[in-house]
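K.L.:
Please read through the structure below; I'll follow up with questions.
All of the numbers you see were taken from the coordinates with simple rules; none came from a lab. Source: prediction; values computed, not measured.
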Amino acid sequence: LFSNSFYQIIVLQVKKEQDTLPEDFNLKLRGYRHAMEARIAFYITVEIPAANVTNKTEISVGDGGIREEYINAKLEEGKQYKLFVRAVTRIDGASYISNYNKINCGNVVKLKKDKLLLGQAISHKENT
């Protein structure tokens with residue numbers, strides 16, 4: 001069971017008309033390429049197996065790398081982003097998804113890259 005559980009980091013580019021995830025975000029949420037094609041401001045940037053996460057696990061958000069099927073797209077300098085985390089467990093073709101939680105890293109990330117201590121973000125998350 002544990003080996004089929006993952007944490008997903010969701011990036012939201014803050015815009016005047018959108019500074020939080022919409023209620024129907026689960027229906028639209030995919031990776032970066034899909035978000036750009038669909039012109040939506042949020043996407044999954046990283047998915048990491050839960051078994052690999054400790055209090056010292058670091059994730060560089062926006063490093064341009066590819067992990068599993070997700071592009072950790074570079075963040076644009078000067079733009080504002082919010083980060084969210086959620087847990088996903090996949091069993092027999094079904095996915096069980098937790099509510100998302102805003103990652104409290106100064107509320108809004110304004111940096112080109114932000115090192116995120118994923119294990120600490122999960123244990124010190126801010127409910128939304």
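K.L.:
Give me a comma-separated list of calculated 3J(HN,Hα) values for the range 24-34, in order, Karplus coefficients 6.51, -1.76, 1.60 applied at θ = phi - 60°, integers in Hz, x for any Gly or Pro.
P.N.:
9, 4, 4, 6, 9, 5, 8, x, 4, 4, 4
K.L.:
Can you list the HN-Hα couplings for the range 75-83, worked out from phi with the Karplus curve (6.51, -1.76, 1.60; θ = phi - 60°), rounded to whole Hz and with x for Gly and Pro?
P.N.:
8, 7, 4, x, 8, 10, 9, 10, 10
K.L.:
Which far-off residues, 5 or more places away or on another chain, put their amide H under 5 Å from the one on residue 66, with H placed in the peptide plane?
P.N.:
Sorted by chain and number, the residues that satisfy this are 72.
K.L.:
Which far-off residues, 5 or more places away or on another chain, put their amide H under 5 Å from the one on residue 80, with H placed in the peptide plane?
P.N.:
14
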